[in-house]
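First up is the structure itself, then whatever we jot down about it.
Just so you know, all these numbers are worked out from the coordinates, no wet-lab data involved. Please read these numbers as outputs of a predicted model, since none were measured by experiment. So basically every Cβ, Gly included, is an ideal-geometry build from the backbone, and we count neighbours across all protein chains shown.
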Amino acid sequence: MTDKRLISGVAKPRRVKLVPTVRINAYPVIAEAVDNGVAYGWHRAHKHTDSPADETAIEEIAQAVMNELCDVLQFGGDDDAAA
């Protein structure tokens, strides 16, 4: 019996369906980034004063959290995904 994959004595490559086997649990990654950002922002807000204004503390914490999130997440449209 002849193998159907053989044409002119050359075997065609088989198509293999790849199934992803590794998945990331995003919640702990994001939670750690937020925790690190809050801690860093809190310390940064208190860098030059023992009692910063609430607005200053909030701004420092928000900026630090976003910086941490940008380290683990990629924001943008579909065009950025290919880069």
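What are the semi-axes of the equivalent ellipsoid for segment 23-74, taken as the square roots of 5 times the Cα gyration tensor eigenvalues, largest first, in whole Å? Mind dumping the intermediate values first?
Numbers: eigenvalues 127, 15, 10 Å².
Over the Cα atoms of segment 23-74, the semi-axes work out to 25, 9, 7 Å.
Mind listing the phi-derived Karplus ³J(HN,Hα) values for segment 18-31, rounded to whole Hz, using 6.51, -1.76 and 1.60 with θ = phi - 60°, and x for any glycine or proline?
Along segment 18-31, the couplings run 8, 10, x, 10, 10, 10, 9, 8, 5, 4, x, 5, 5, 4 Hz.
About the Cα centre of segment 23-74, how large is the charge dipole given +1 on each Lys and Arg Cβ and -1 on each Asp and Glu Cβ? Please answer in debye to the nearest 20.
Details: 3 positive and 9 negative charges, 44 e Å.
In total the dipole reaches around 220 debye.
Within the set of other residues whose C-beta is less than 14 Å from the C-beta of ASP71, count the net charge using Lys and Arg as +1 and Asp and Glu as -1.
On the way: positive: none; negative: GLU32, ASP35, GLU68.
Residues near ASP71 contribute -3 overall.
Just name one of ALA33, HIS43, ILE58: the one whose Cα is farthest towards the positive end of the charge dipole of segment 23-74 (beta-carbon charges, Lys/Arg +1, Asp/Glu -1).
Of the listed residues, the answer is ALA33.
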